[in-house]
1. About its Cα centre, how strong a charge dipole does the chain have in debye, to the nearest 20, once Lys and Arg get +1 and Asp and Glu get -1 at the Cβ?
2. Where does the charge balance sit around residue 55 when Lys and Arg score +1, Asp and Glu -1, over other residues with C-beta under 11 Å from its C-beta?
3. What is the sum of charges, Lys and Arg at +1 and Asp and Glu at -1, for the other residues whose Cβ falls under 13 Å from the Cβ of residue 191?
4. Note the per residue figure in Å³ for the convex hull of the C-alpha positions in the range 74-129.
5. Dipole of the chain (Lys/Arg Cβ +1, Asp/Glu Cβ -1, origin at the Cα centre): which of 208, 79, 303 lies farthest to the positive side?
6. Given only helices, namely DSSP H runs of n ≥ 4 each adding -39500 (n - 2.57), what is the per-residue ellipticity at 222 nm of the chain, to the nearest 500 deg cm²/dmol?
7. For the chain, build the charge dipole from Cβ charges (+1 Lys, Arg; -1 Asp, Glu) around the Cα centre, then report which of 38, 264, 110 sits farthest towards its positive end.
8. Once you keep just the Cα pairs under 8 angstrom separated by 6 or more residues, what percentage relative contact order results for the range 160-275?
Amino acid sequence: MNKSNDSPPTRGWDTYWQGARNSGAYASDGVNHPAVATFWNTALTEVLRHGGSRRILDIATGSGAVVERLTESASDGNHEITCVDISAAAIDSVSSRFPGVVGLVADANSIPLDDAAFDLVTSQFGIEYAGPAALSEGTRLLAPGGTLILMMHVRPGIIFEECAAALDAVRRTRNSRFVQRALAFFEAGFAAVRGADRTDYDKAALELNPAIEELESILSDHGEHVAGDTIVRLYSDVREIHGGIQHYEPDEVLRWLRRMDQELAEYEGRMQSMCDSATDANGFAGICERIGAQGLHVDRSEPLMTADRASAIGWVLQATRRDRAT
Ligand SMILES: C[S@@+](CC[C@H](N)C(=O)[O-])C[C@H]1O[C@@H](n2cnc3c(N)ncnc32)[C@H](O)[C@@H]1O
């Protein structure tokens, strides 16, 4: 079942969850670290170890990474799982993957559900996108004795560095106007193949050259896998089409470039929001303090580290509601 309140702005996430994440500009989600899966499996097994019936809420659920862990860890109880996301496409995806889960399209800042309605509230790299007010929503929804488990973006940290590099690479690509220049170049190129004068083509080629150089410099600065291979694929696809322009369908090429233009703009927005949502040690201490002031006891608050302990992956915050909010 999907319920919906007024449609809030999705800030590019809807396009992402509609499936564009499988294309070049969306391939890097940065959260597939084995330590993350281990963390959730251990934490959820511990919290749900007594079986029984629990009401569980996952906030900013995306396509259901935590819901998947919940359904595995909560298989011996009669649990009711609800998930919330600002993106309708994300909720559609969770609902089709997990038919027993209740999906709700809502802004995490204002979740239309009753106070103290849940025994367990979770969020993985999600609640922080909605800003500080969403934390109060998370605690408001927690019943006495209930547990809050959050994994939040950390800075500095491995995901933050990856997103910051992707942000810089995509922003520089957009500033170079590579896609627009490639569009003009191919438009003139297809016209030249049809017999038009080559003046426009030569001019467009000259204008494209500095943008090509900028992409080469981005790839040299950040490595060719930056931004989930988006830049390197754009660069090599343009070169490949250029090398055999007569074999390509003009409409398809121009449509692809216009779509890339849109995807890069949304990708930049998404990377910016990831970087903005990452919290440093002071910010995280403030969050723990606020959670405490809202009547919760903080049981665990620390960075989750990579296996070699060289980088932080995310902040882990686990807290229990002892009483109602003060
Ligand atoms: C990085 S994704 C994480 C998704 C999922 N929790 C996971 O770990 O795969 C961030 C999610 O936050 C959602 N989101 C962003 N702003 C939100 C808001 N104000 N309210 C609810 N969800 C929001 C996005 O739609 C997206 O699904």
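1. Values: 30 positive and 47 negative charges, 119 e Å.
Using only the charged Cβ atoms, the result is roughly 560 debye.
2. Values: positive: 54; negative: 80, 114, 119.
Taking every other residue near residue 55 into account, the sum is -2.
3. Details: positive: 194, 198, 203; negative: 187, 197, 200, 202.
So the surrounding residues net to -1.
4. Values: hull volume 5.6 nm³, N = 56.
Looking at the range 74-129, the number lands at 100 Å³ per residue.
5. 79
6. Working: 11 runs with 160 residues, N = 326.
Theoretical 222 nm ellipticity from helices: -16000 deg cm²/dmol.
7. After comparing all options, I get 110.
8. On the way: 99 pairs, mean separation 54.6, N = 116.
Contact order relative to length: 47 percent.
Throughout, read-outs are computed from the coordinates displayed, never taken from laboratory work. Remember, predicted model here, so these are calculated numbers, not experimental data. Every residue, glycine among them, receives a Cβ derived from its backbone with ideal geometry; neighbour counts consider all protein chains shown.
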